[in-house]
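One structure is given here, and the rest of the page talks about it.
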Amino acid sequence: MKSHCIKTINLLTNNDIDNLLIIADNLFGRGYLSKNELQRYIDDKTKTCIVVKINNEIVGFQLMQTIKPEEIASLALKEPQWFKKQFSSCNSIGVLKTIAVKDKFKNQGIGTLLTTESIKILNEKSNCILSICWDKKENTVISSILEKCGMIQVRKIPEFWKNDSIEKNYSCNICGEPPCTCNAIIYQSNHQNKPEDKKY
Ligand SMILES: CC(C)(COP(=O)(O)OP(=O)(O)OC[C@H]1O[C@@H](n2cnc3c(N)ncnc32)[C@H](O)[C@@H]1OP(=O)(O)O)[C@@H](O)C(=O)NCCC(=O)NCCS
């Protein structure tokens, strides 16, 4: 008998949080995301999380956020002056944050679907998009997805998460116990349809 596969893409709900945390702990290390933080992606208007389900099982998710240029320091764990200058001309910045797809569902286009949908959502609210990515071998995959979606690599920052990992005490899947010494690659795209140009 032919099996039917139902794929959905929706906003995160309270019922999804525990299962989403299992995926995050597994892929990024325990403590990288918390229940409280995920709750903010439901309650806070500037934060959005989209979830892909196949036959009602969460198989991937993406977190995103919109910030004002003056709030960029909150993301700039290093080189805050560079971030300030680089994004000074933006009215609102859409930030592509964590993306994850369960191992057995990788390479089926789910990461590309999540990124495409997230960029659509962020383009409605901002005129610049930023993504801060781990620079590690496996990340050729996320790099190729971001570049396919029009993002450009603008900077590489060494040991981006070092102090943050010590302060928050999270273990990186590559480095293990803190400190995390991974480098970050900064991706950016500026699009022409600025929110203030829209005629409603
Ligand atoms: C990054 C991630 C979300 C991608 O999800 P995915 O569903 O496998 O992505 P897709 O299937 O849409 O696309 C994968 C692309 O990478 C390509 N790819 C797969 N393995 C690759 C490799 N070793 N090197 C280069 N490209 C590779 C695929 O061919 C595909 O490209 P194409 O669509 O042009 O053919 C997923 O691998 C993941 O969860 N990784 C762990 C978490 C992570 O590192 N997240 C990023 C930091 S937040």
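Laid out as a table, the results:
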{"item": "Members of the stretch 127-141 found to be away from the ligand (no atom under 13 Å from the Cβ) and at pLDDT below 95, listed by number", "result": "ASN127"}
{"item": "Filter result for the condition that a residue is without any contact (Cβ under 8 Å) to a residue 60 or more places away in the chain and within 25 Å of GLN108 (Cα to Cα), over ILE67, ILE54, ILE50, ILE42", "result": "ILE54"}
{"item": "Contacts under 8 angstrom Cβ, first residue in the stretch 143-163 being over 12 Å from ILE119 (Cβ atoms), partner small (Gly, Ala, Ser) and within 14 Å of the ligand (Cβ to nearest atom), 6 or more apart", "result": "GLN153/SER143; LYS156/ALA184; ILE157/ALA184; PHE160/ALA184; TRP161/ALA184"}
{"item": "Which numbered condition GLY60 fails, given (1) of a type in the set (Gly, Ala, Ser); (2) surrounded by 19 or more Cβ atoms within 10 Å (Cβ to Cβ); (3) out of contact with any Gly (no Cβ under 9 Å at 6 or more places or on another chain)", "result": "(3)"}
{"item": "Qualifying strands (runs of 3 or more DSSP E) (wholly inside the stretch 1-87; at least 1 residues being under 26 Å from PRO178 (Cα atoms) and either charged (D, E, K, R) or within 16 Å of the ligand (Cβ to nearest atom) (or both))", "result": "57-67"}
{"item": "Exclusive hit being farther than 24 Å from ILE67 by Cβ and at pLDDT 90 or above, set SER144, SER171, SER189", "result": "SER144"}
{"item": "Which numbered condition CYS180 fails, given (1) surrounded by fewer than 20 Cβ atoms within 10 Å (Cβ to Cβ); (2) within 16 Å of the ligand (Cβ to nearest atom)", "result": "(1)"}
{"item": "Failed criterion for ASP43 (all others in (1) under 27 Å from LYS136 (Cβ atoms); (2) surrounded by fewer than 14 Cβ atoms within 10 Å (Cβ to Cβ); (3) at pLDDT 95 or above hold)", "result": "(1)"}
{"item": "Selection within the stretch 97-126 - more than 7 Å from the ligand (Cβ to nearest atom), more than 16 Å from GLU147 (Cα to Cα) and among the aliphatic types (A, V, I, L, M)", "result": "ILE121, LEU122"}
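The values are calculated or read from the model by the stated rules, or taken from the named source; none is laboratory data. Nothing here was measured: the structure is a model prediction, and the numbers come from that model. Methodologically, a virtual Cβ is constructed for each residue, glycine included, from the backbone with ideal geometry; neighbour enumeration extends over all protein chains shown.
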